[in-house]
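Engineer: Quick one: this structure, given as C-alpha cells, is what I'll be asking you about.
The values are calculated or read from the model by the stated rules, or taken from the named source; none is laboratory data. All figures in this text were calculated on a predicted structure; none of them were measured in a lab. FYI the Cβ positions are ideal-geometry reconstructions off the backbone, even for glycines, and counts take in every protein chain you see.
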Amino acid sequence: MTTKRAWLLLAVAALTSLSMSVQTQEARYPMTIIAPGKGPFSFPPGYQTPWDKIDIMVTEKMSPNLFVLHGSQGLDPAHPDASGGRAMVLFGPDGVLMVDTQNRQVADKTLKAIRSFTDAPIKVLVNTHIHGDHTGANAFFAKQGALIFSQENLRNEMVRPPVRAGGQPAPTIDLTGVPVVTYNYTAGAPGQPAATFTMNGEIVDFIPMMPSHTAGDTIVRFRKANVIYIEDFYRNFGYPFADQANGGSIKGMLDAVDLIEKLADAGTTLVPGHGTLVKKEDLLPYRAMLVDILAKVKTLRDQGKSLKEVLAANLTAPYDKTTLGDTQQSKDRFITEAYDEVKDFPPIVDGKRTMPVHP
Ligand SMILES: [Zn+2]
C-alpha cells in the first residue's frame with residue numbers, strides 16, 4: 001500500500017467515525033429543542049394573553065416517538081416561561097397517547113403541532129390534574145377520538161367545581177371533555193399503576209397520586225424511555241402551588257416527592273408541567289423548602305399571628321435568589337397555603353375542600 005493510499009484510508013476512517021459520533025449524539029435522548037424562558041417577565045396592568053400569538057411547539061424529545069409540547073415564552077402571564085402546561089405525545093402505528101391537552105384557546109395549534117410529526121389517530125388521553133392549562137382542550141381532543149382517563153376526584157372536581165376565591169362561581173364546563181374512564185388512589189399502595197398501556201413499543205403506566213397538587217393527580221411513567229411526567233406538585237418557576245380548594249395539600253406534595261424518590265432512578269428524566277426538566281435529586285431542595293416554610297408558618301400561627309403578619313414576615317426571602325419567577329403573588333399564595341394548612345385544614349369532600357376566604 002502506498003503512503004498516499006494509507007493516508008486516504010485513514011482520512012476516510014476518521015471521517016466515518018466523526019459522522020458516526022455525530023449520529024450517536026443526535027440520537028441521545030432526552031433532547032431539549034426549545035428551553036423555557038428564564039425571565040424576569042413583566043406585564044403591564046390590564047394585560048390580556050394574546051392567544052393568537054402563542055405557538056405550541058415540540059420543545060423536548062424523550063425518545064424517537066415520545067415528544068413534549070409546550071407554548072411560547074413571554075406572552076402568558078399565568079405561565080410566562082412557557083405558555084400553558086406541558087403535554088406529552090406518544091405516537092406510532094398503535095395511535096396517539098396524549099398526556100394533558102394544553103389551554104382551550106390553542107387547541108387547534110396543539111393538534112397542528114402533533115400533526116407535524118404523526119398522522120396516527122388520537123386514541124388515549126390522560127389528565128394529570130384539572131387545571132385549564134392541562135385539561136382546557138379536552139373536549140376538542142375527545143372530538144378527535146380520544147378516550148379520556150383520570151382519577152375519579154378529577155372528574156368530580158370538573159363536574160362540580162369548587163367556588164372560587166372571592167365567592168365567584170366557576171365557569172361552566174363542556175361535558176364532552178369530562179374523563180370517561182376513572183380510577184382512584186389507594187392509600188395502601190402508593191405508586192401502583194391504575195392502568196398500563198403497551199403501545200408503540202413503549203409501556204406506559206398511569207399512576208394515581210395522593211392528594212398533593214390537587215386531589216385528582218396522576219403521574220405518567222414511560223418505562224422504556226425512563227421518563228415520568230410529574231405534573232405540578234413540583235415546580236421550578238414560581239413558588240409551590242397546592243390547589244387546596246381542589247383537594248391539594250403541601251404535606252401531600254411532600255409525600256409525592258417521596259414517592260418519586262422511590263419510583264425513579266438517578267437517570268430517570270422527570271417532566272414537570274412547567275419549568276425545566278429535572279432528575280430526582282433536584283426535588284430534594286424543593287422538599288426541604290416545603291418542610292422549612294410549613295414549620296416557620298406553624299410557629300407564627302401558633303403564636304397567634306394573623307395571615308397578614310405572617311405574609312409580612314417574608315419567610316421566602318432565603319429562597320428568592322434561587323427561585324425563578326418569584327413574584328409577590330406567587331410567594332403570597334404559597335405562604336397563605338401553608339397558613340391554611342397548619343391549623344383547621346378542611347377535609348376533602350368529592351375531591352374538593354371548602355377553604356376559608358381571607359379578606
Ligand atoms: Zn400546570
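Engineer: Does Val124 meet the test of being away from the ligand (no atom under 16 Å from the Cβ) and either in contact with a Pro (Cβ under 6 Å, 6 or more places away or on another chain) or more than 18 Å from Thr214 (Cβ to Cβ) (or both)?
Structural biologist: Against the criterion (away from the ligand (no atom under 16 Å from the Cβ) and either in contact with a Pro (Cβ under 6 Å, 6 or more places away or on another chain) or more than 18 Å from Thr214 (Cβ to Cβ) (or both)), Val124 qualifies.
Engineer: Can you tell me how many residues in region 177-196 are in contact (Cβ under 8 Å) with a residue 12 or more places away in the chain and either outside any loop (DSSP other than H, G, I, E, B) or buried (at least 17 other Cβ atoms within 10 Å of the Cβ) (or both)?
Structural biologist: Of the residues in region 177-196, 11 are in contact (Cβ under 8 Å) with a residue 12 or more places away in the chain and either outside any loop (DSSP other than H, G, I, E, B) or buried (at least 17 other Cβ atoms within 10 Å of the Cβ) (or both).
Engineer: Condition first: aromatic (Phe, Trp, Tyr), within 11 Å of the ligand (Cβ to nearest atom) and either free of Cβ contacts under 8 Å to residues at least 24 places away in the same chain or not in a strand (DSSP E or B) (or both). Now tell me which residues in region 235-244 satisfy that.
Structural biologist: Listed by number, the list holds a single entry, Phe241.
Engineer: Please verify whether Pro171 is under 30 Å from Pro359 (Cα atoms) and either under 22 Å from the mean Cα position of the chain (by Cα) or surrounded by 18 or more Cβ atoms within 10 Å (Cβ to Cβ) (or both), treating the condition exactly as stated.
Structural biologist: Taking the combined requirement at face value, the residue does not satisfy it.
Engineer: In region 55-67, what residues are within 15 Å of the ligand (Cβ to nearest atom) and either hydroxyl-bearing (Ser, Thr, Tyr) or in a loop (DSSP other than H, G, I, E, B) (or both)?
Structural biologist: Thr59
Engineer: Does Tyr229 satisfy the criteria of being outside any loop (DSSP other than H, G, I, E, B) and either within 16 Å of the ligand (Cβ to nearest atom) or buried (at least 21 other Cβ atoms within 10 Å of the Cβ) (or both)?
Structural biologist: Considered against the rule, which asks whether it is outside any loop (DSSP other than H, G, I, E, B) and either within 16 Å of the ligand (Cβ to nearest atom) or buried (at least 21 other Cβ atoms within 10 Å of the Cβ) (or both), Tyr229 comes out as yes.
Engineer: Okay, next question. Are any residues in region 133-178 within 16 Å of the ligand (Cβ to nearest atom) and either modelled with pLDDT under 95 or among the charged types (D, E, K, R) (or both), and if so, which ones?
Structural biologist: Asp133, Glu157, Met158
Engineer: Next question, about the same structure. Output the number of residues of region 208-226 satisfying the condition of being farther than 15 Å from Thr269 by Cα and surrounded by fewer than 24 Cβ atoms within 10 Å (Cβ to Cβ).
Structural biologist: 1
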